[in-house]
Amino acid sequence: MDLPRSIASMLDHTMLAPAGGIAQVQQLCDEARAGEFACVFVYPLWVRHAREFLAGSAVHAGSVVGFPTGAHTTRVKVMEAERLLDDGAEEIDMVAASCLLVDERFDDYARDIKAVREVIPTAVVFKVIIEAPLLPTELISRAAEIAAYNGADYVKTATGTQGPTAPGHVRLVREAVKGEAKIKASGGIRTAAEARAMIEAGAERIGTSSAVAIHREWMKLYGGLR
């Protein structure tokens, strides 16, 4: 495949570590502005601040629902999504309830996703995190298919809290969604080579706390490619 000279527009710059404070949020946003990344992801507490720090830029402010386990009730997830929208979130990444897949409660898994999708306007990017590192192959495929069918704009591989994403996870998701949703790879992606492997497997967004380093390394390695 042809590699892009820059992957800035594919990078979601994340700060979902509990110890990060307002100064770290501003730094994250400043870095995303400078790099012209796609989005910053912060905890719900910081969304309003991120919007302020990003004002006038094309970088989106995003946050999470059901983070990090997805084992919240649907009602709580809906309330979280509604509050994020009130605070100006432009992208929402929801952790799906993997525990329902383990019990083969596929209809409940689908309803959980659909309920959150229904309160999110189409102008807001909605991603569903399936936590692929926890799932066997057949459940990765089933989870991705359900997420795409129930309105996910992107199926996201992992939160990064339960193990790293592998290119094989991305390929499984790509095969399952059949073009009905895009793919975001996240979890343990720290180098340009790792990002490249995810992109070659089918990812169209990369979620990482190492966006600045990856972008710099990418430009050095691949930025001159035509």
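We did not get these values from a lab; they are worked out from the coordinates using the rules stated. Nothing here was measured: the structure is a model prediction, and the numbers come from that model. Here the Cβ is made from the backbone with ideal geometry for all residues, glycine too, and neighbour counts use every protein chain on show.
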Original post:
Net charge near Gly62, counting Lys/Arg +1 and Asp/Glu -1 over other residues with Cβ under 9 Å of its Cβ?
Top reply: -3
Subject >> ³J(HN,Hα), Karplus 6.51/-1.76/1.60, whole Hz, each residue of segment 182-191, x for Gly, Pro >> reply: 7, 10, 10, 9, 8, x, x, 8, 10, 10
**OP:** Note the full-extension length gain between Arg5 and Ser57 as 0.36 nm times their separation in residues minus their Cα-Cα distance, in nm to one decimal.
**Re:** 16.6 nm
Original post:
Could you give the length gained on full extension between Asp86 and Glu118, defined as 0.36 nm per residue of separation minus the Cα-Cα distance, in nm?
Top reply: 10.0 nm
Subject >> CD proxy at 222 nm, helix term only [per DSSP H run n ≥ 4: -39500 (n - 2.57); per residue of the chain; nearest 500] >> reply: -13500 deg cm²/dmol
Original post:
Which cross-chain or sequence-distant (5 or more) residues have an amide H under 5 Å from the amide H of Phe67, H modelled 1.01 Å from N in plane?
Top reply: Val95
**OP:** For the chain, just say rounded, prolate or oblate: build the C-alpha gyration tensor, square-root its eigenvalues into a ≥ b ≥ c, call rounded for a/c under 1.5, and beyond that prolate if a/b exceeds b/c, oblate if not.
**Re:** oblate
Subject >> Residue among Ile130, Ile183, Ile140 with the largest mean-square fluctuation in a Gaussian network model of the chain, springs linking Cα atoms under 10 Å >> reply: Ile140
Original post:
Which whole-number percent gives the relative contact order of segment 6-132, counting Cα pairs below 8 Å spaced six or more residues apart?
Top reply: 20 percent
**OP:** Using only alpha carbon pairs under 8 Å that are at least six residues apart, calculate the relative contact order of segment 7-52 and give it in whole percent.
**Re:** 49 percent
Original post:
Anyone know which of Ala192, Ala19, Ala166 comes out most mobile in the 10 Å Cα GNM of the chain?
Top reply: Ala19
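What does the charge dipole of the chain about its Cα centre add up to, to the nearest 20 debye, if the Cβ of each Lys and Arg holds +1 and the Cβ of each Asp and Glu holds -1?
Details: 25 positive and 29 negative charges, 91 e Å.
I would put it at about 440 debye.
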Original post:
Among Val124, Val40, Val102, which one shows the biggest mean-square fluctuation in a GNM of the chain, springs joining Cα atoms closer than 10 Å?
Top reply: Val102
